[in-house]
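To start, the structure under review is shown below, and the notes come after it.
Derivation of every value follows stated rules applied to the coordinates shown; laboratory data play no part. All of these numbers come straight from a predicted model, not from anything done at the bench. Cβ: placed from backbone, ideal geometry, glycine included. Neighbour counts: every protein chain shown.
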Number of protein chains: 2
Amino acid sequence: MPSYRPVNAVLRALKVLNVVNSRRQSTVSEIARASGLTSSTAVRFLETLESAGYVLKDTSNAAYVVSGKVLELSSGFEAYREMGVIAGPFLYALQREISWPSDVAVFDRDAMIVAETSRSESRLFYPRPPGFRAPIMGTSLGLAYLAFCTESELQTAVEVSAQVAEPWNDLARDRGKLQGVLARVRECGYAVMSQEYSALVYNRAIWAIAVPILLAGQAIASINVTMNREVSENEATSKYLASLQRTAARISQAIDKARHPSG
Amino acid sequence: MPSYRPVNAVLRALKVLNVVNSRRQSTVSEIARASGLTSSTAVRFLETLESAGYVLKDTSNAAYVVSGKVLELSSGFEAYREMGVIAGPFLYALQREISWPSDVAVFDRDAMIVAETSRSESRLFYPRPPGFRAPIMGTSLGLAYLAFCTESELQTAVEVSAQVAEPWNDLARDRGKLQGVLARVRECGYAVMSQEYSALVYNRAIWAIAVPILLAGQAIASINVTMNREVSENEATSKYLASLQRTAARISQAIDKARHPSG
């Protein structure tokens, strides 16, 4: 619970900075209109932002542009940290419900970066801490994501993975087979860890299923449930798939809410 | 001249946001210390930033991280606009001093993007408005930049240019020759437009010399002077090189000052 009311001047200045970012160049009156401020208030914030180096005024046409210093305001963003903070509570709730641990991960070229995990509270302890890079083509996290991501992310993953000589990357080198695997993931709504990955990394002791976390129809992450090999695919899907999908939907809603706070 | 005093709350909140960006995760006391605020003031700004969606609080360890929304605060940054706004007055002053026009440009993979030009006020009117993409390997702007840029930018420029079938890109396909050209640029302190580019684009009527704009020893842009073919290289360097270099140094200082305002 917040202890204070938000500082209005700060919210308005950030709004002004957002408006300057959203256009190639903007006059004071355009900025005032788009941010719902009077011109003199807009000028006050623009001059504040200018004094701190975030915007520049073009003296030739009195228009404002953002400066290179704005890059510092986003330099620390890492998608997997945002996802980890937001998904964490949902992951632990799921672990308490179904007793098997889960990981949530975001896409990064040739790997899914683990953002959060509930493995540390589970009976299956193969540590995969936040920041761990799970290979795209071998894991259920990667395949669930790939089946619902953008075409350009798919291209990147295929190109980069094809160059890495792991057995599960044969999928990246056989376009027809990959299309078949992804079509099946879309049809079933979940992906399964590859046999090669399970054998090489877990000596077949562990396998996993995963579903995408969708926002506006597009994958923004994926979430798995990892189990030992005694659990069959039938048992896994009948007992855990619905809970996994419900958790994915809740995380998606929480991400959406965090990015668009009503306050 | 600013009409108002900067709004202090805004400057402090931006400082807090910068601190959160600069660390993987930060507690309130770390943020307060790094931004020179009391803990209660830091919390007030953190909660304001959280209410607007720019930071997230990790409930498991009470640490703050930046959210994906911070990307909006820098989404409009284009290096060539910043450079254009800052370099403009210096470019026009140079044009009045030496009577020939100049362009200033920033690197973008396979091209130098013209940020500002004084051609419109000159007797040599071949328009190259801001946003124009001058090919790296053919132009003095590109070669002056390449000789003083980072190794990874050089690699990118060579790889991308080698795939484009323009005669000046033969340089990108002959690594030994390119090394020789860049070594000569470093030795002389300036680059010359390639014969091929002058012939194909200006029918040999125009040529140019360029120098890098350096910041902390690294090229951040380049600036040329364009002349008609009657001006010899000897005449150009003896009459204009010193003015060109002085202008480059002034632009560098102005960029540095804009990025680190003392206010």
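When the chain is fully extended, how far beyond the present Cα-Cα distance does residue B:75 get from residue B:22, taking 0.36 nm per residue of separation? If you can, show how the numbers build up before the last one.
Details: separation 53, 0.36 × 53 = 19.08 nm, distance 1.83 nm.
So the chain would gain 17.2 nm between residue B:75 and residue B:22.
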Under the helix-only model (-39500 (n - 2.57) for each DSSP H run of 4 or more, divided by the residues of chain B), the mean residue ellipticity at 222 nm, to 500 deg cm²/dmol, is -15500 deg cm²/dmol
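Across peptide A:85-91, what mean number of C-beta atoms from other chains lies inside 10 Å of a residue's C-beta? Please report the intermediate quantities before stating the final value.
Working: counts 12, 3, 0, 3, 2, 0, 0.
Neighbouring Cβ atoms belonging to other protein chains average 3 per residue here.
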With bins of 5 Å, the percent of all Cα-Cα pairs of segment A:43-97 per bin from 0 is 4, 15, 16, 13, 8, 8, 9, 8, 7, 5, 3, 1, 0
Let me know the mean shielding of B:36-49 by other chains, meaning the per-residue number of their Cβ atoms within 10 Å of its Cβ.
3
Which residue fluctuates the most in chain A, going by a Gaussian network model with Cα springs under 10 Å, if the choices are A:134, A:79, A:13?
A:13
Among A:105, A:162, A:62, determine the one that fluctuates most according to a GNM of chain A built with springs between C-alpha atoms less than 10 Å apart.
A:62
Say each of residue A:204 and residue A:38 gets a label point 7 Å from the Cα, pointing the same way as Cα to Cβ; how far apart are those two points in nm?
7.7 nm
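Relative contact order of chain B: what whole-number percent is it, with Cα pairs under 8 angstrom and at least 6 residues apart?
Reported relative contact order: 14 percent.
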Got the residue B:187 label distances to the other copies yet, label 7 Å along Cα→Cβ, in nm, shortest first?
6.8
Shortest-first nm distances, residue B:233 label point to equivalent points in other copies (7 Å, Cα→Cβ)
6.9
On each of the three principal axes the extent of the alpha-carbon atoms of segment A:8-73, given in whole Å and largest first, is 26, 26, 20
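How would you order B:143-151, A:115-123, B:34-42 from highest to lowest mean count of nearby Cβ atoms within 10 Å?
Values: B:143-151: 22.1, A:115-123: 19.1, B:34-42: 16.2.
Descending mean neighbour count gives B:143-151, A:115-123, B:34-42.
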Could you compute the FRET efficiency for residue A:250 and residue B:175, with r as their C-beta to C-beta distance and R0 at 45 Å, rounded to 0.05?
0.25
In this structure, the FRET efficiency calculated for residue B:195 and residue B:93 from their beta-carbon separation, with R0 = 51 Å, to the nearest 0.05, is 0.95
Here the net charge surrounding residue B:16, from other residues whose Cβ is less than 14 Å away from its Cβ (Lys, Arg +1; Asp, Glu -1), is +2
Given charges at Cβ of Lys, Arg, Asp, Glu: the protein assembly as shown dipole, positive-most of B:31, A:180, B:236
B:31
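For the protein assembly as shown, what is the charge dipole size about the Cα centre, in debye to the nearest 20, if Lys and Arg each add +1 at the Cβ and Asp and Glu each add -1 at the Cβ? Walk me through the numbers before you get to the answer.
Working: 56 positive and 50 negative charges, 280 e Å.
Around 1340 debye, computed over the protein assembly as shown.
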Please get the size of the charge dipole for segment A:120-263, origin at its Cα centre, with Cβ charges of +1 on Lys and Arg and -1 on Asp and Glu, quoted in debye to the nearest 20.
340 debye
Student exercise: in the protein assembly as shown, how many lysine pairs 8 or more apart or on different chains have Cα atoms under 27 Å apart?
22
Using Stokes-Einstein with the Kirkwood hydrodynamic radius over Cα pairs, what translational diffusion coefficient do you get for segment A:49-138 at 37 °C and a viscosity of 0.692 mPa s, in µm²/s rounded to a whole number?
206 µm²/s
Modelled FRET efficiency - R0 60 Å, residue A:29 with residue A:166, Cβ distances, 0.05 increments:
0.55
If you average the C-alpha positions of segment A:236-263 and of segment A:150-173 separately, how far apart do those two centres end up, in angstrom?
28 Å
Specify the inter-centroid distance of segment B:37-113 and segment A:52-129, based on alpha-carbon positions, in whole Å.
20 Å
What average count of beta carbons from other chains do you get within 10 Å of the Cβ of residues in B:246-258?
1
Once the mean 1/r over all distinct Cα pairs of segment A:79-259 is inverted, what Kirkwood radius in angstroms do you read off?
15.9 Å
Report the trypsin sites (Lys or Arg not before Pro) located in segment A:1-94 that are in a DSSP loop and have at most 14 other Cβ atoms inside 10 Å of their Cβ, or state none.
A:24
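What GluC sites (Glu not before Pro) in segment A:217-263 are in a loop by DSSP, with at most 10 other Cβ atoms within 10 Å of the Cβ? Walk me through the numbers on the way to the answer.
Working: sites: A:230, A:233, A:235; in loops: A:230.
Taking segment A:217-263 and a limit of 10 other Cβ atoms within 10 Å, the loop GluC sites (Glu not before Pro) found are A:230.
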Starting from the amide H of residue A:112, placed 1.01 Å from N in the peptide plane, find each other amide H under 5 Å away whose residue is 5 or more places distant or on another chain.
A:134, A:136
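So which helices of chain B fit the span-like rule, where a helix is a whole DSSP H run, its Cα atoms reach 15 Å or more along the axis, and its mean Kyte-Doolittle is at least 0.0?
Numbers: long enough: B:8-22 (21 Å, 0.81); B:39-51 (18 Å, 0.08); B:79-98 (27 Å, 0.32); B:151-162 (16 Å, -0.04); B:175-188 (20 Å, -0.35); B:233-259 (37 Å, -0.74).
Qualifying helices: B:8-22, B:39-51, B:79-98.
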About its Cα centre, chain A carries a charge dipole, from +1 on Lys and Arg Cβ atoms and -1 on Asp and Glu Cβ atoms, whose size in debye to the nearest 20 is 700 debye
Choose one of B:98, B:48, B:64: the residue whose Cα lies farthest towards the positive end of the charge dipole of segment B:37-114 (beta-carbon charges +1 Lys, Arg; -1 Asp, Glu; about the Cα centre).
B:48
Within segment B:207-230, what residues put their amide N at less than 18 Å from the label point 7 Å along the Cα-to-Cβ vector of residue A:60?
B:221-226
If you put a point 7 Å past Cα along the Cβ direction, how far is that point for residue B:60 from the same point in each other copy, in nm, smallest first?
5.2
P(r) tail for segment A:116-199, what percent of Cα pairs lie past 14 Å?
66 percent
Mind computing the radius of gyration and Dmax over the alpha-carbon atoms of the protein assembly as shown? Å is fine for both.
27.6, 85
